[in-house]
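Colleague: Pasting a structure here, questions to come.
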Amino acid sequence: MGAGACFPAELRDRHASAVEEYLPTPFVDPEAPFMDPSRALGPPDGRTLALGDGAYVVLRFFRPIPDAPGPDLRVYEVGPDGAQARLAASLDGVTFVELPRPIGGPTESVDLADLGLAEAAYLRIRGIDDAGEDPGYDLDAVEALH
């Protein structure tokens, strides 16, 4: 898709800054506000992208996220329903390595070492259920911690 957003440099460096690819949740009105993938860009703001079962978004960071000791990125999800998603990371946007466990909850910290990656510039987040009022995982934002 290649749609991007303009953010100040300090936010652009820390949060996902562009939507590279998006497959919407099937059988949901594509005009619904929670189906706009740009809602997953920038810092957490409570505006979410719903990722139902099989839907996914590929987000790009302005600069690669390096692996450092401890968690390297944080994923923000909004919603009380316990929806889960699968996260995969890539440096080149082509070859992705998937985290061996699902992510879920209001915030999820991820260490790139768990994926065997020294750095990543792209994240793919794929919904794996249809729980909740807005179907599936309600992605608010992704933040690089280093």
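The values are calculated or read from the model by the stated rules, or taken from the named source; none is laboratory data. Computed from a prediction, not measured in an experiment: that's the story for all the values here. All Cβ positions, glycine included, derive from the backbone under ideal geometry; neighbour counts span all protein chains shown.
Colleague: Test each condition in (1) surrounded by fewer than 18 Cβ atoms within 10 Å (Cβ to Cβ); (2) in a loop (DSSP other than H, G, I, E, B); (3) hydrophobic (A, V, I, L, M, F, W, C) for ALA113 and report the one that comes out false.
Modeller: Result: ALA113 passes all but (2).
Colleague: Can you tell which of GLU143, GLU108 is buried (at least 19 other Cβ atoms within 10 Å of the Cβ), touching a Lys or Arg at 6+ places or on another chain (Cβ under 8 Å) and farther than 29 Å from PHE27 by Cβ? Can you show your working first?
Modeller: Values: GLU108 fails: farther than 29 Å from PHE27 by Cβ.
GLU143 is the lone residue from the list that is buried (at least 19 other Cβ atoms within 10 Å of the Cβ), touching a Lys or Arg at 6+ places or on another chain (Cβ under 8 Å) and farther than 29 Å from PHE27 by Cβ.
Colleague: Could you please find all residues in the range 126-140 being part of a strand (DSSP E or B) and either out of contact with any helix residue (DSSP H, G or I) (no Cβ under 8 Å at 6 or more places or on another chain) or surrounded by fewer than 17 Cβ atoms within 10 Å (Cβ to Cβ) (or both)? Before the answer, list the steps.
Modeller: Let us first name the residues in the range 126-140 that are part of a strand (DSSP E or B), namely 126-127, 137-140.
If the condition is that a residue be part of a strand (DSSP E or B) and either out of contact with any helix residue (DSSP H, G or I) (no Cβ under 8 Å at 6 or more places or on another chain) or surrounded by fewer than 17 Cβ atoms within 10 Å (Cβ to Cβ) (or both), then ARG126, GLY127, TYR137 are the ones that fit.
Colleague: Out of the residues in the range 57-81 that are of a type in the set (Phe, Trp, Tyr) and out of contact with any helix residue (DSSP H, G or I) (no Cβ under 7 Å at 6 or more places or on another chain), which is nearest to GLU20 (Cα to Cα)? Write out each step before concluding.
Modeller: We begin by selecting, within the range 57-81, every residue of a type in the set (Phe, Trp, Tyr); these are 61-62, 76.
Subsequent filtering for residues that are out of contact with any helix residue (DSSP H, G or I) (no Cβ under 7 Å at 6 or more places or on another chain) retains 61, 76.
Numbers: PHE61: 10, TYR76: 19 Å.
If we take residues in the range 57-81 being of a type in the set (Phe, Trp, Tyr) and out of contact with any helix residue (DSSP H, G or I) (no Cβ under 7 Å at 6 or more places or on another chain), then PHE61 is nearest to GLU20 (Cα to Cα).
Colleague: Taking only the range 7-26 into account, find how many residues are hydrophobic (A, V, I, L, M, F, W, C) and at pLDDT 80 or above. Before the answer, list the steps.
Modeller: The first filter runs over the range 7-26 and keeps only residues hydrophobic (A, V, I, L, M, F, W, C), leaving 7, 9, 11, 16, 18-19, 23.
Among the residues that remain, those that are also at pLDDT 80 or above are: 16, 18-19, 23.
Total meeting the criteria: 4.
Colleague: A further question on this structure: Which one is farthest from ARG86 (Cα to Cα), of the residues in the range 31-66 that are in contact (Cβ under 8 Å) with a residue 60 or more places away in the chain and acidic (Asp, Glu)?
Modeller: ASP45
Colleague: Please report, ordered by residue number, the strands (runs of 3 or more DSSP E) entirely within the range 7-99 with at least 2 residues that are in contact with a Leu (Cβ under 7 Å, 6 or more places away or on another chain) and buried (at least 22 other Cβ atoms within 10 Å of the Cβ).
Modeller: Values: elements: 18-23, 49-51, 56-66, 73-77, 84-90.
The qualifying strands (runs of 3 or more DSSP E) are 49-51, 56-66, 73-77, 84-90.
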